[in-house]
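Since the structure comes first, as structure tokens, the remarks are kept for the end.
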Amino acid sequence: KRQELVPLSLDLLGTNSRDFLAPFWRRLGQALGGHAFDPRQPDLHVSYMALQAEDWQQLQASIEQVADWRRQPVLLRRYARACGRLHQAERVAAIWFLLCWRFPEQANAIGREAEPLWRHAWQRFLDLEPELASREFPAWALLEQPGLAKRLAQALRLDDVEIPEAYRLIADLVLAGAAAVPAADLIASRRRLKALSADLFVHYLERFGGV
């Protein structure tokens with residue numbers, strides 16, 4: 001049983017237990033090949049076995065076969081972890097952002113499960129003053145990494161997700177720093193951002209107040 005085998009191998013083999021158990025997880029994954037994902041039993045799915053075996057490409061492929069996987073927080077989290085390990089920078093950001101928007105109560109998984117870049121960003125986010133809601137992490141992340149704004153425009157599939165207006169405004173304002181945007185448009189966008197989230201506006205001004 002998993003509850004017995006995994007702790008026992010950790011006790012006996014330490015960090016080497018992962019290599020020892022990998023064939024076990026792969027065989028389980030093969031046995032579950034045709035088993036549909038059930039959110040009530042999320043570990044009885046190929047993606048879980050692939051996660052344990054650290055077979056990141058298989059993990060992504062198995063999740064992509066689930067029709068509504070972007071509506072399942074556990075699958076979003078698993079998929080984001082695979083993206084991180086495969087160094088798919090834009091994709092991993094897009095998936096973590098989607099988790100924040102659709103399932104903000106689970107956004108703290110970023111601080112535990114993401115790659116170091118995003119774990120550290122999440123910790124800085126938690127230490128902000130004034131504080132921001134989890135749904136605002138993606139917008140704040142654009143202030144930390146302005147280059148993401150342009151790279152994520154396609155990765156986020158604007159026609160498929162509900163992107164908050166505050167994020168769109170931050171993205172537009174960040175991009176405006178490298179474009180010839182009329183001052184009147186900038187002022188209007190800043191006013192709208194302040195009306196939507198005064199605290200996020202404060203953090204925007206700290207980074208781009210002089211632009």
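Condition (residue is modelled with pLDDT under 60, at positive phi and open to solvent by less than 80 Å² (accessible area, probe 1.4 Å)) applied to segment 13-33: is it met by at least one residue?
Yes: one or more hits.
Would you confirm, using the coordinates I've provided, whether residue 59 is farther than 26 Å from residue 108 by Cα, open to solvent by less than 20 Å² (accessible area, probe 1.4 Å) and either part of a helix (DSSP H, G or I) or modelled with pLDDT of 90 or more (or both)?
Details: farther than 26 Å from residue 108 by Cα: no; open to solvent by less than 20 Å² (accessible area, probe 1.4 Å): yes; either part of a helix (DSSP H, G or I) or modelled with pLDDT of 90 or more (or both): yes.
In short, no.
Quick test of your reading of the structure: residue 68 fulfils all but one of (1) surrounded by fewer than 18 Cβ atoms within 10 Å (Cβ to Cβ); (2) touching a Pro at 6+ places or on another chain (Cβ under 9 Å). Name the failing condition by number.
Going through the list (1) surrounded by fewer than 18 Cβ atoms within 10 Å (Cβ to Cβ); (2) touching a Pro at 6+ places or on another chain (Cβ under 9 Å), residue 68 breaks only (2).
Residues checked against (1) open to solvent by 50 Å² or more (accessible area, probe 1.4 Å); (2) polar (S, T, N, Q); (3) at pLDDT below 75:
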residue	(1), (2), (3)
139	no, no, no
146	yes, no, no
149	no, no, no
152	no, no, no
168	yes, no, no
172	yes, no, no
176	no, no, no
180	yes, no, yes
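Quick one: which of 131, 136, 115, 144 is among the acidic types (Asp, Glu) and closer than 16 Å to residue 79 by Cα? Walk me through how you get there before you give the answer.
Details: 131 fails: closer than 16 Å to residue 79 by Cα; 136 fails: closer than 16 Å to residue 79 by Cα; 144 fails: closer than 16 Å to residue 79 by Cα.
Every option except 115 fails the conditions.
Which of the residues spanning segment 77-117 are under 18 Å from residue 147 (Cα atoms) and surrounded by fewer than 20 Cβ atoms within 10 Å (Cβ to Cβ)? Can you show your working first?
Step one: of segment 77-117, the residues under 18 Å from residue 147 (Cα atoms) are 84, 87-97, 117.
Passing the criteria: 87, 88, 89, 90, 91, 117.
The values are calculated or read from the model by the stated rules, or taken from the named source; none is laboratory data. Source: prediction; values computed, not measured. A quick note on method: Cβ atoms are made from the backbone with ideal geometry, for glycine too, and the neighbour counts reach across all protein chains shown. To get the accessible areas, we keep the full protein, side chains included, count just its heavy atoms, and leave off ligands, DNA and RNA. Shrake-Rupley method; radii C 1.70, N 1.55, O 1.52, S 1.80 Å.
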